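What follows is a set of notes on a single structure, which appears directly below.
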Amino acid sequence: MSELNWEAASVFIAFFALVTVLGFIAARWKRGDLGKIDEWGLGGRRFGPVITWFLLGGDLYTAYTVIAVPALVYAVGAFGFFAVPYTILIYPLLFAAFPRLWRVCRDHGHITAGDYVRWRFDNRWLELAVALTGLIATMPYIALQLVGMERVIEAMGFRGEGAWSHAPITIAFVILALYTYHSGLRAPALIAFVKDVMIYVFVIAAIIIIPAQLGGYGEIFAKAEQAYAGKAGAGLTLNEAQYWPYITLALGSAMALFLYPHSLTGILSASSGDAIKRNAIALPAYSIVLALIALLGVMGHAAGLKLDNPQDVAPRLFLMFFPDWFSGFAFAAIAIGALVPAAVMSIGAANTFTRNVWKPFIEPGLQGEKEAFIAKVVSLVVKVGALAVIFLAPAKFAIDLQLLGGVWMIQVFPAIIFGLFLRRFDGRALLAGLIAGLIFGTWLVWGPKLTPITPLPGAGVGVYAGLYALALNIAVAALLSAMISAAGRRAPQAVRVGD
């Protein structure tokens, strides 16, 4: 505790206090009956294009993104930039499909993807499978926000021992739990304004001031190239063996991104399909910022940083090149960047559990204030679960599970996206395809070292395992749907009495 950077910590605490106040007063913003689950969990579906832009940006571009993307670039170079194209590839799909999904969900009162799947295919087991896939994939995502927050807290010098080692993030998550319970989705939507402005400020400062002190970008890239020269698979450009892994990882990650419960929560909270289309056009601005954040990994080599943990690269750069007060400002932005998505993730998970697990299988008559109350309680349980992952398991456990999360989430693509445009798929066939994809994808990734890249047989190149599993998923669903349809056509028609 004696090593604590008090100047940075004071600025950090001040901004954290500001967003705490905003979190509690958010209940009065766009006032609604928070005893209803659509008001608490979707903000009453009243967020226009601007609010949706900040909410989705705050939801998708998280604290762990700000920490992990520079860390990956620091470790391997150009391959770490795959996060930039995948956050661009998703937006044509967002424009084409999700306004239609929003309209269907609005018209039929759907809160979650599971609600939509149950309505569309009349299969509660498919609903359950989609819900559980989303819940399991979301939990490590929340835990990783804590990992990002811990990196900046430790960078300020707070290194407690024993039970005190996790004290700051525990306090932060207790505060988060309280204002999320109180204000619902309105809290992260309001806080996202502050978070995004702060991130834009520190990123712009970083890409101007750090290069100026390192001799310019030419010097930065020259030194980084020297640092990568002795590392296998690392470099400022992709080598030939990395082309297909890079392409397929970007494509598969893009296909999964908006299927997570928290992503759909942000989309379904929009006030109109037009608000979603406008965001599909405007959200790539965040991808530009993400590319600039990724450059911090290259700058780390130019600055001569020798790190045991690459996740320290961004915090160390700010402490090296900026005054302490501005480092505190940047660290506060990253920490708030953990609170916004963690809040939306816990709300999305709570909505999903309440509507698609508890209601259909435990309490079918659930509705009204009791439905909202259970969702609020579950949102607290989810946060406690994320803290437990950090307390009881190494951070690598959450990282490994998150790698699997993308492979799992892409398997719900046929049920949600195909269901919007095609009538030929049967719910039972989609359930079989989903299960086959989940099992096959997990088998491909699982091993002594979890990796989402699987070698392509006979070609000597790697491909994203989620796409392999999705291909099997679609093949099983299409084949069984055709068989079920053919069996239905061959079945004798019932004869009406009197014919």
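The values are calculated or read from the model by the stated rules, or taken from the named source; none is laboratory data. On a predicted model such as this, the values are computed, not experimentally measured, just so you know. Note: ideal-geometry Cβ built from the backbone for every residue, glycine included; neighbour counts use all protein chains shown. SASA here: full protein model, heavy atoms, side chains in, ligands and nucleic acids out. Shrake-Rupley method; radii C 1.70, N 1.55, O 1.52, S 1.80 Å.
Restricting attention to segment 309-326 and to residues that are in a helix (DSSP H, G or I) and more than 13 Å from residue 154 (Cα to Cα), the residue that is most open to solvent (accessible area, probe 1.4 Å) turns out to be 325.
In the set 73, 50, which member is open to solvent by less than 20 Å² (accessible area, probe 1.4 Å), modelled with pLDDT of 90 or more, out of contact with any strand residue (DSSP E or B) (no Cβ under 6 Å at 6 or more places or on another chain) and not in a loop (DSSP other than H, G, I, E, B)?
None of the other options fit; the residue is 73.
Please verify whether residue 172 is closer than 30 Å to residue 371 by Cα and either in contact with a helix residue (DSSP H, G or I) (Cβ under 9 Å, 6 or more places away or on another chain) or open to solvent by less than 20 Å² (accessible area, probe 1.4 Å) (or both), treating the condition exactly as stated.
Details: closer than 30 Å to residue 371 by Cα: yes; either in contact with a helix residue (DSSP H, G or I) (Cβ under 9 Å, 6 or more places away or on another chain) or open to solvent by less than 20 Å² (accessible area, probe 1.4 Å) (or both): yes.
So residue 172 passes the test.
Confirm whether residue 199 is in contact with a helix residue (DSSP H, G or I) (Cβ under 7 Å, 6 or more places away or on another chain) and at pLDDT 95 or above. Answer is no for this residue. For segment 30-45, a residue qualifies if it is surrounded by 15 or more Cβ atoms within 10 Å (Cβ to Cβ) and modelled with pLDDT of 90 or more, and the qualifying residues are 34, 36, 37, 38, 39, 40, 41, 42, 43, 44, 45. Taking the conditions exactly as written (at pLDDT below 95 and either in contact with a Phe, Trp or Tyr (Cβ under 7 Å, 6 or more places away or on another chain) or open to solvent by 30 Å² or more (accessible area, probe 1.4 Å) (or both)), does residue 462 satisfy them or not? For residue 462, the condition - at pLDDT below 95 and either in contact with a Phe, Trp or Tyr (Cβ under 7 Å, 6 or more places away or on another chain) or open to solvent by 30 Å² or more (accessible area, probe 1.4 Å) (or both) - is met. In the set (1) outside any helix (DSSP H, G or I); (2) at pLDDT 95 or above, residue 305 fails one condition alone, (2).
Would you check which residues across segment 248-288 are polar (S, T, N, Q), touching a helix residue (DSSP H, G or I) at 6+ places or on another chain (Cβ under 7 Å) and either in a helix (DSSP H, G or I) or open to solvent by 10 Å² or more (accessible area, probe 1.4 Å) (or both) and list them?
Residues satisfying the conditions are 248, 253, 263, 265, 271, 279, 287.
Take residue 119 and tell me if it is without any contact (Cβ under 8 Å) to a residue 60 or more places away in the chain and either assigned to a helix (DSSP H, G or I) or polar (S, T, N, Q) (or both).
On the way: without any contact (Cβ under 8 Å) to a residue 60 or more places away in the chain: yes; either assigned to a helix (DSSP H, G or I) or polar (S, T, N, Q) (or both): yes.
So residue 119 fits the description; yes.
Scanning segment 415-438 for residues that are over 16 Å from residue 100 (Cβ atoms) and open to solvent by less than 10 Å² (accessible area, probe 1.4 Å) returns 427, 429, 430, 433, 434, 437.
Scanning segment 378-407 for residues that are of a type in the set (D, E, K, R), at pLDDT 75 or above and open to solvent by 20 Å² or more (accessible area, probe 1.4 Å) yields a count of 0.
Pull up segment 176-215, narrow it to residues that are small (Gly, Ala, Ser) and closer than 14 Å to residue 21 by Cβ, then point me to the one that is surrounded by the most Cβ atoms within 10 Å (Cβ to Cβ). Even if it seems obvious, please write down each step before you answer.
Looking only at segment 176-215, we keep the residues that are small (Gly, Ala, Ser), and these are 177, 183-184, 187, 189, 192, 205-206, 212, 215.
Now drop any that are not closer than 14 Å to residue 21 by Cβ, which leaves 183, 187.
Working: 183: 25, 187: 30.
Out of the qualifying residues, it is 187.
Yes/no matrix, rows are residues, columns are (1) under 27 Å from residue 464 (Cβ atoms); (2) small (Gly, Ala, Ser):
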position: 3; (1), (2): no, no
position: 8; (1), (2): no, yes
position: 14; (1), (2): no, yes
position: 26; (1), (2): no, yes
position: 39; (1), (2): no, no
position: 42; (1), (2): no, no
position: 52; (1), (2): no, no
position: 86; (1), (2): yes, no
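Kindly indicate whether residue 324 is free of Cβ contacts under 8 Å to residues at least 40 places away in the same chain, more than 26 Å from residue 264 (Cα to Cα) and more than 22 Å from the chain's Cα centre (by Cα). No, not satisfied. Filtering segment 341-377 to residues that are open to solvent by 10 Å² or more (accessible area, probe 1.4 Å) and not in a helix (DSSP H, G or I) leaves 362, 363, 364, 365, 367.
If you check 147, 152, which single one turns out to be assigned to a helix (DSSP H, G or I) and at pLDDT 85 or above? Spell out how you get there, then give the answer.
Working: 147 fails: at pLDDT 85 or above.
The conditions single out 152.
Which residue, of 287, 253, is out of contact with any Lys or Arg (no Cβ under 9 Å at 6 or more places or on another chain), closer than 30 Å to residue 127 by Cβ, polar (S, T, N, Q) and at pLDDT below 95?
Details: 287 fails: closer than 30 Å to residue 127 by Cβ.
Going through 287, 253 in turn, the sole match is 253.
Contact map, segment 228-250: first residue farther than 25 Å from residue 299 by Cα, second residue outside any helix (DSSP H, G or I) and not β-branched (Val, Ile, Thr), Cβ cut-off under 6 Å, separation 6 or more or different chains; pairs are 248/464. Quick one: how many residues across segment 338-372 are in contact (Cβ under 8 Å) with a residue 40 or more places away in the chain and either of a type outside the set (Gly, Ala, Ser) or on the phi > 0 side of the Ramachandran plot (or both)? Final tally of qualifying residues: 18. Just one of the numbered conditions (1) within 22 Å of residue 253 (Cα to Cα); (2) surrounded by 15 or more Cβ atoms within 10 Å (Cβ to Cβ); (3) not polar (S, T, N, Q) is not true of residue 480: (1). Candidates in segment 112-157 are the residues that are of a type in the set (D, E, K, R) and out of contact with any Cys (no Cβ under 9 Å at 6 or more places or on another chain); of these, the one that is most open to solvent (accessible area, probe 1.4 Å) is 122.
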